[in-house]
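Every number here is computed from the coordinates shown, using simple stated rules; none is lab data. For clarity, every value in this text was computed on a predicted model and none was experimentally measured. Ideal geometry is used to build each Cβ from the backbone, glycine not excepted, and the neighbour counts take in all protein chains shown.
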Amino acid sequence: MTGPSAPTVVVAGAFDTKREALDLLCARLRELGCAVHRVDFGVADHASDAETTPERLAAATGTTMEAVRASGRASALDTMGTAVAAEVERLHGAGSLDAFVAIGGSGAGTVFGAVAPRLPFGVPKVLTSTIVAGDTRGYLQGTDAVLVYPVVDVEGTNGVLRDVLGRTAATAAALAHAHRTREPAPDPVGGHVAMTMFGITTRCVSAARERLETGGAEVSVFHANGTGGATLERLVSEGRVDAVLDVTTTELADLVAGGTLSAGPDRLTAAARHGVPQVVVPGALDTVNFGAPATVPERFAGRVLHRHNEHVTLMRSDAAENRRLGELVAERVGLAPSSSTVVLPMGGFSELDAPGMPFWSPEADAAFREAFLSHVDPAVRVVESTDHVDDPAFAALLVAELDAVRDRR
């Protein structure tokens, strides 16, 4: 049973091929006290009774379902994904969405990937799909979401699927009720500060975080594993961050060298674009990430490798890559010179980049420094330190510089 104050769950799916599973999910959501708005992105010719039909989605993009079907499966799915994203954004803006759920296979994953970035952080997003057993970064795109692996394909309503869909409904309903009744938290005295961390920069980040929290800041630490950096950029763009202490810019090394943990081409741009004060460090730019040793591309034969664990192999970035990284960091902080400070720990960029450690290479670090200094906007404040990134004095320096750049605004 639902009442006038019931939260609304928007359920998206291909009602032409997944009707039984979608009907079961919607019925269970209603039993749990939610109103349901169905968005049908099924492409096959069928009579849809959803609140948002395929015909309405097609019309919203200036086309017809006949034209969508004739365009081929991939193009049709792209069109429907764009249309569903716009419709979900409209529903959220109208106050008619407390949670979003998509179920199905790769099509549902594609549509979810189009929708999720259009919904703000904190709005519940649930994907139940067979694709979540693989690499989901392309579907998440730096958003917060609950992913449910259905074990079996979303076809029919067998016992396994009924159980999974029941848990999907329970999750979405609980999140929707919580979202409807949430109260905003008070802003911290010292503002919201975002930081980035890797295992090999942990000591620096922990020491700086403790200092910031002592000063009244609320600190969110993002794991610089590709998804973490993308999420940081997204939250900065949404206005949820007051300052950034970007200790671990390692994802740029993966972008430049072709590692597995790139955060994409927009890393280290959001703070500058939005005028958010930032202190940037070349933390862990000495490392490029790959999977197990056998996954390291042959073109890197002869490079210095370090086995982090059985699933992660790190490669030392060389001087040429560091020159490119120096130019890239200079370019990006130069987008907002007055609100950016760069601090260089010339005693070493990570735990592995220290005397006696496998990635110690003053020459590679110097290549970064020289390229950065020769390309950076003179208006960007640059602080050179002889400290190692993990030295306690370096963490104290970073906090002092962050306070200073915030005061300059």
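Side notes on the structure shown:
- Cα-based helix-to-principal-axis angle, 159-180 vs the chain, degrees rounded to 10: 70 degrees
- Cα centroid separation - the stretch 96-158 against the stretch 278-345, whole Å: 31 Å
- Charging the Cβ of each Asp and Glu at -1 and of each Lys and Arg at +1, and nothing else, the dipole of the chain about its Cα centre rounds to 560 debye.
- Principal-axis tilt of helix 227-237 within the chain, Cα atoms, nearest 10 degrees: 80 degrees
- Charged neighbours of residue 154, selected by a Cβ distance under 10 Å, balance to -2 (K, R count +1; D, E count -1).
- Our estimate of slack between residue 44 and residue 319, defined as 0.36 nm per intervening residue step minus the Cα-Cα distance, is 93.5 nm.
- Our estimate of slack between residue 70 and residue 295, defined as 0.36 nm per intervening residue step minus the Cα-Cα distance, is 77.0 nm.
- For the pair the stretch 244-262 and the stretch 359-409, the centres of their Cα atoms are 16 angstrom apart.
- Label zone (residue 106, point 7 Å along Cα-to-C-beta; backbone nitrogen cut-off 13 Å) within the stretch 40-82: 73-75, 77-78.
- Charge dipole magnitude, Cβ of K and R +1, D and E -1 - the stretch 1-107, Cα centre, debye nearest 20: 140 debye
- Max mean-square fluctuation residue, GNM over the chain, Cα-Cα springs under 10 Å, options 16, 286, 98: 16
- If R0 is taken as 45 Å, the Cβ-Cβ distance between residue 308 and residue 180 corresponds to a FRET efficiency of 0.55.
- Crossing angle, helix 392-407 versus the chain [Cα axis fit, 0-90 degrees, rounded to tens]: 70 degrees
- Environment charge of residue 227, counting only residues whose C-beta is closer than 13 Å and scoring Lys/Arg +1, Asp/Glu -1: -2
- Here each label is just a point 7 Å from Cα along the line to Cβ, and for residue 146 and residue 94 those points are 2.5 nm apart.
- Among (1) 24.8; (2) 29.2; (3) 23.2, the entry derived from the coordinates for Kirkwood radius over Cα pairs in Å: (3)
- Centre separation in Å (Cα based) which lies between the stretch 1-42 and the stretch 188-210: 41 Å
- Fully extending the segment from residue 213 to residue 55 would add 51.6 nm, taking 0.36 nm per residue of separation and subtracting the current Cα-Cα distance.
- Three-way shape label, the stretch 8-180, alpha-carbon gyration tensor, a/c 1.5: rounded
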